[in-house]
1. Name the residue that is least open to solvent (accessible area, probe 1.4 Å), counting only residues in segment 1-19 that are among the hydrophobic types (A, V, I, L, M, F, W, C) and part of a helix (DSSP H, G or I).
2. So, in segment 25-45, how many residues would count as being assigned to a helix (DSSP H, G or I) and surrounded by 12 or more Cβ atoms within 10 Å (Cβ to Cβ)?
3. Scanning for something open to solvent by 60 Å² or more (accessible area, probe 1.4 Å) and touching a helix residue (DSSP H, G or I) at 6+ places or on another chain (Cβ under 9 Å), does segment 50-57 turn up at least one residue?
Amino acid sequence: MNESYKDLKAYLLNEITEDARGVLNAIEGKEADKVDDEEVLCFCHDLAFAMTTLETVAMVGRLVPWFLEGERA
């Protein structure tokens, strides 16, 4: 696995973690009518984007193994 992929994966996993915490912090312990919908939706959008990006990178790695190994085709 090449360093660029490792760095990208680490970055995306950190983003996913931060966004998931943001969602939890925005709703945890609050009555439903006190939850800021826009704040939750913003975190959910960012979370979905980071997850989709990670999924795309992982799928490219499976389809083109040299992408993860750092070799050139």
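1. Here is the first cut: in segment 1-19, the residues among the hydrophobic types (A, V, I, L, M, F, W, C) are 1, 8, 10, 12-13, 16.
Still in the running and part of a helix (DSSP H, G or I): 8, 10, 12-13, 16.
Details: LEU8: 64, ALA10: 49, LEU12: 11, LEU13: 74, ILE16: 34 Å².
Selected residue: LEU12.
2. Of the residues in segment 25-45, 9 are assigned to a helix (DSSP H, G or I) and surrounded by 12 or more Cβ atoms within 10 Å (Cβ to Cβ).
3. Scanning segment 50-57 turns up at least one residue that is open to solvent by 60 Å² or more (accessible area, probe 1.4 Å) and touching a helix residue (DSSP H, G or I) at 6+ places or on another chain (Cβ under 9 Å).
The values are calculated or read from the model by the stated rules, or taken from the named source; none is laboratory data. This one's a predicted model, so the numbers in the text were calculated from it and none came from an experiment. Virtual Cβ from ideal backbone geometry, glycine too; neighbours counted across all protein chains shown. Calculation scope for accessible area: heavy atoms of the full protein, side chains included, ligands and nucleic acids excluded. Shrake-Rupley method; radii C 1.70, N 1.55, O 1.52, S 1.80 Å.
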